[in-house]
Amino acid sequence: MNKLNRFEVAARLGITTRTLRRLNNVGKLVPKRDASNRPFYTKNQIDEFLKNTYKPKYKIIWISSTLDETKA
């Protein structure tokens, strides 16, 4: 089990730690606790969150940069 702290999770999701806290407060992505009561996330939690609940605001579309430069 890979333990990820809040900074690692926020970086992987492309969000701030404050947004991560908000997701925790509404119950969408709740961290587990270790023996010292420190919060951590697992890779499986992140994968499930991305697969089931996370909907990005914008869809990323990749556009090819090749141009057809035919000369007359």
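Every number here is computed from the coordinates shown, using simple stated rules; none is lab data. Predicted, not measured: the structure shown is a model, and the values here were computed from it. Here Cβ is always computed from backbone atoms with ideal geometry, including for glycine, and neighbour counts include all displayed protein chains.
Between THR53 and ASN5, the contour length at 0.36 nm per residue exceeds the Cα-Cα span by 15.3 nm. Take the Cα of ARG12, step 7 Å toward its Cβ, do the same at ARG33, and the gap between the two points is 2.2 nm.
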